[in-house]
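The values are calculated or read from the model by the stated rules, or taken from the named source; none is laboratory data. Given the structure is predicted, the values throughout are model-derived calculations rather than measurements. All Cβ positions, glycine included, derive from the backbone under ideal geometry; neighbour counts span all protein chains shown. When the accessible area is computed, the model is the full protein with side chains, heavy atoms only, and any ligands, DNA or RNA have been set aside. Shrake-Rupley method; radii C 1.70, N 1.55, O 1.52, S 1.80 Å.
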Amino acid sequence: MKGTRTIIQVENLTKNYEDLVAVDNISFEVREGEVFGLLGPNGAGKTTTLEIIETLRKPTSGKVIVDGLDIEHDSWKVKSSIGVQLQDSGFYPDLTLVELLKMFAGLYQVEIGDPIEILKKFSLEEKNKSYWQKLSGGQRQRFSLATTLIHNPKIIFLDEPTTGLDPQARVNLWEEIRKIHAEGRTIILTTHYMQEAEELCDRVAIMDQGKIIEIGTPHDLIEELLATGFKRKREVKKATLEDVFLQLTGKHLREE
Amino acid sequence: MKNKSPNQIRPFFSIALYSLIALFRNRATVFFGFAFPLIFISVFGLLGSNGTSITIGVPDGRGSGPIYQALSRIEAVSIKKGSEKDLKEQLSQGRLAGVLVIDKNNSPSLFISQANPQQAAAVISMTSGVVDKLNLKLANVTNPVIKLDIEEVSGRKFSFIDFFLPGMIGFALLTTSITSTSFGLIFLKKTLVLKRIFATPTKGLTILLGQGASRMVMVLLQTLVIVLVGVFVFKFTLVHGLFTLTQVLILSVIGLLSFLGFGLFVAGIANDENTAAPVANLFVLPQFLVAGTFFPIDALPSWIQPVVSLLPLSFFNTAIRKITVEGLSIDHLVPQFIGLAVWAVIAYILASRTFRWE
């Protein structure tokens with residue numbers, strides 16, 4: 001499934017805000033069908049990079065090609081062909097989930113058939129008459145993912161999809177992301193949870209202060225570090241506290 | 001052709017339809033657009049119902065004779081019965097215009113009080129008119145030397161509601177165009193709903209037009225509900241029936257197009273809901289108070305009238321009353337339309353300079 005075809009090409013991308021350099025001359029490529037992670041601390045420039053590729057922000061300089069389309073000259077075609085989940089996107093609080101899905105179908109100009117079927121895929125069918133403002137954090141993220149996929153895009157952008165979720169909701173969202181990936185879609189996500197990157201990503205780029213400082217598979221990057229003679233201060237146990245927590249409280253979703 | 005945006009018709013209808021549904025689920029919008037004007041109309045409609053009539057007290061048992069008969073037939077006169085002592089006390093408090101006592105010889109005495117001089121003057125002239133007529137009749141004068149010809153000019157009967165209700169349509173229009181639009185846009189901006197829509201192939205202009213269209217439907221419904229409640233509950237006069245209603249609806253849309261610019265402008269200069277409230281009120285409240293909603297602009301001090309009559313709401317209120325009170329059609333309202341158009345141009349220029357999507 002993982003091809004070697006480059007589906008996103010970022011070349012010498014720079015974004016300045018007045019005197020702040022948010023993204024500093026970065027270049028990378030994403031291959032078709034992979035899960036690509038942009039990692040980094042807050043303020044590293046991950047979201048800015050993503051939003052430039054999504055055509056929501058204009059780059060100061062540099063070039064970005066998405067599936068053969070230049071984001072500056074073909075921004076409308078790019079918008080139509082990618083699925084976007086923003087870091088904190090909102091929806092009309094007074095509309096039901098079914099109404100919101102129909103609205104987004106209208107915005108993307110696609111036919112969606114029965115909206116309940118879409119909600120079912122994300123375990124939200126019981127919430128079809130709920131207003132968006134009544135959803136829990138995990139439900140909101142799953143619903144947001146449903147609108148991201150409404151026009152069946154082959155490239156998906158997820159900006160910190162699991163930030164603020166409890167461990168059950170996070171594990172559940174990982175499952176959803178794996179399913180979407182298994183459908184053959186390319187996924188670009190940002191996160192500052194390294195465990196999440198290890199679980200989901202085929203390759204990661206580590207960003208800091210607007211620059212990409214390393215790119216590789218999680219396995220290779222760890223091996224490289226070990227090769228330098230690095231040792232953890234404490235020996236790693238076979239399980240983490242999160243494993244304990246999930247073992248005790250179960251992996252099933254909690255509906256707040 | 002490079003970077004051609006996709007057809008925006010379907011996104012436009014999506015935004016318009018679902019904004020409208022959201023608007024109707026918003027309590028503040030429904031309250032200020034429908035409930036508030038109707039509450040005002042109910043209160044003032046009842047207050048204004050017998051504004052110009054005068055009340056004459058006639059002691060119990062004295063309600064007969066030709067003078068009494070003639071007076072009680074006058075439409076603007078209502079008769080109040082009671083003991084002579086009570087009636088005279090009410091007279092001294094200004095609650096009666098006069099007390100008419102007719103003795104056994106059919107000789108009338110009219111008691112008045114300076115507690116209410118205008119009513120006293122009215123009751124004197126009315127009663128003496130009746131007495132004079134009777135005198136002429138008793139003296140068998142059928143062809144008096146001086147005869148007053150009275151011709152009625154206006155064939156319609158207007159009450160306070162006919163003045164007040166159009167002002168309420170103007171108020172509902174103003175709050176929906178300015179307060180609800182600016183709050184709505186700032187809210188969508190703050191909660192990143194707009195940002196999510198911008199990630200779809202939808203243009204900014206499509207979003208604004210869709211929002212505008214939902215307000216247009218809202219304003220048409222407001223106007224329709226206010227007029228229909230007025231007609232069926234408060235005897236509001238539609239001079240030419242359905243034709244007048246149509247003219248009022250068309251005028252509402254024109255008013256909305258003019259006022260929406262101010263809604264966008266407020267959304268542009270206010271950063272969040274907290275600053276939007278005072279800024280929106282700065283546009284809405286002064287106009288609501290002085291621009292002919294509660295009383296005619298002529299009733300203001302003369303030095304301020306030229307300024308007030310140039311306010312956007314004044315143009316709208318003048319125009320709507322020309323339709324509902326004078327029975328004119330909208331092609332007679334060119335001066336008002338020019339006024340609204342000038343304000344619209346100013347508002348949209350200001351809005352385009354200040355409005356930011358983020």
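Results for (1) open to solvent by less than 60 Å² (accessible area, probe 1.4 Å); (2) farther than 19 Å from residue A:34 by Cβ; (3) among the acidic types (Asp, Glu), shown as yes or no for each residue.
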| residue | (1), (2), (3) |
| --- | --- |
| A:200 | yes, no, no |
| A:204 | yes, no, no |
| A:207 | yes, no, no |
| A:211 | no, yes, no |
| A:214 | no, no, yes |
| A:217 | yes, no, no |
| A:220 | no, no, yes |
| A:227 | no, yes, no |
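Considering only the stretch B:165-184, state which residues are hydrophobic (A, V, I, L, M, F, W, C) and either within 17 Å of residue B:251 (Cβ to Cβ) or crowded, with 24+ Cβ neighbours inside 10 Å (or both).
B:165, B:168, B:169, B:171, B:172, B:173, B:174, B:178
So which residues in the stretch A:57-81 are in contact (Cβ under 8 Å) with a residue 24 or more places away in the chain and within 8 Å of chain B (Cβ to nearest Cβ)?
Correct list: A:79, A:80.
For residue A:145, only one of the following conditions fails: (1) in a loop (DSSP other than H, G, I, E, B); (2) under 21 Å from the mean Cα position of the chain (by Cα). What is its number?
For residue A:145, the failing item is (1).
Test residue B:195 against the criterion of being among the charged types (D, E, K, R), assigned to a helix (DSSP H, G or I) and open to solvent by 20 Å² or more (accessible area, probe 1.4 Å), and give yes or no. Quick ask: steps written out before the conclusion?
Values: among the charged types (D, E, K, R): yes; assigned to a helix (DSSP H, G or I): yes; open to solvent by 20 Å² or more (accessible area, probe 1.4 Å): yes.
Judged against the criteria, residue B:195 is a match.
Go through (1) crowded, with 18+ Cβ neighbours inside 10 Å; (2) among the acidic types (Asp, Glu); (3) more than 17 Å from residue A:216 (Cα to Cα) for residue A:32 and report which single condition fails.
In the conditions (1) crowded, with 18+ Cβ neighbours inside 10 Å; (2) among the acidic types (Asp, Glu); (3) more than 17 Å from residue A:216 (Cα to Cα), residue A:32 misses (3) alone.
Give the residues of the stretch B:1-26 that are more than 17 Å from residue A:98 (Cβ to Cβ), more than 8 Å from every other protein chain (Cβ to nearest Cβ) and either open to solvent by less than 80 Å² (accessible area, probe 1.4 Å) or touching a Leu at 6+ places or on another chain (Cβ under 8 Å) (or both), sorted by residue number.
Of everything in the stretch B:1-26, those that are more than 17 Å from residue A:98 (Cβ to Cβ), more than 8 Å from every other protein chain (Cβ to nearest Cβ) and either open to solvent by less than 80 Å² (accessible area, probe 1.4 Å) or touching a Leu at 6+ places or on another chain (Cβ under 8 Å) (or both) turn out to be B:8, B:12, B:16, B:23.
I'm trying to understand the selection: among the residues of the stretch A:82-99, which are outside any loop (DSSP other than H, G, I, E, B) and either more than 21 Å from the chain's Cα centre (by Cα) or facing chain B (nearest Cβ under 7 Å) (or both)?
Hits for the stretch A:82-99 are A:84, A:96, A:97, A:98, A:99.
Please state which of the following conditions residue B:273 fails to meet, knowing it meets all the rest: (1) buried (at least 18 other Cβ atoms within 10 Å of the Cβ); (2) within 14 Å of another protein chain (Cβ to nearest Cβ); (3) more than 25 Å from the chain's Cα centre (by Cα).
Just one mismatch for residue B:273, condition (1).
Here is a list of conditions, (1) within 13 Å of another protein chain (Cβ to nearest Cβ); (2) over 21 Å from residue B:15 (Cβ atoms); (3) open to solvent by less than 30 Å² (accessible area, probe 1.4 Å), and residue A:105 meets all of them except one; can you say which number that is?
In the conditions (1) within 13 Å of another protein chain (Cβ to nearest Cβ); (2) over 21 Å from residue B:15 (Cβ atoms); (3) open to solvent by less than 30 Å² (accessible area, probe 1.4 Å), residue A:105 misses (2) alone.
Residue A:197 is checked against (1) touching a residue at least 60 places away in the same chain (Cβ under 8 Å); (2) more than 22 Å from the chain's Cα centre (by Cα) and fails just one. What number does that condition carry?
Failing condition for residue A:197: (2).
Quick check on residue A:140: is it open to solvent by 10 Å² or more (accessible area, probe 1.4 Å), free of Cβ contacts under 8 Å to residues at least 40 places away in the same chain and either basic (Lys, Arg) or over 23 Å from residue A:80 (Cβ atoms) (or both)?
So residue A:140 fits the description; yes.
Between a residue in the stretch B:53-67 that is surrounded by 16 or more Cβ atoms within 10 Å (Cβ to Cβ) and any residue that is modelled with pLDDT under 80 and acidic (Asp, Glu), which pairs come within a Cβ distance under 8 Å, given they are 6 or more apart or on different chains?
none
How about the stretch B:77-120: which of its residues are open to solvent by 20 Å² or more (accessible area, probe 1.4 Å) and part of a strand (DSSP E or B)?
B:78, B:79, B:80, B:81, B:108, B:109, B:110, B:111
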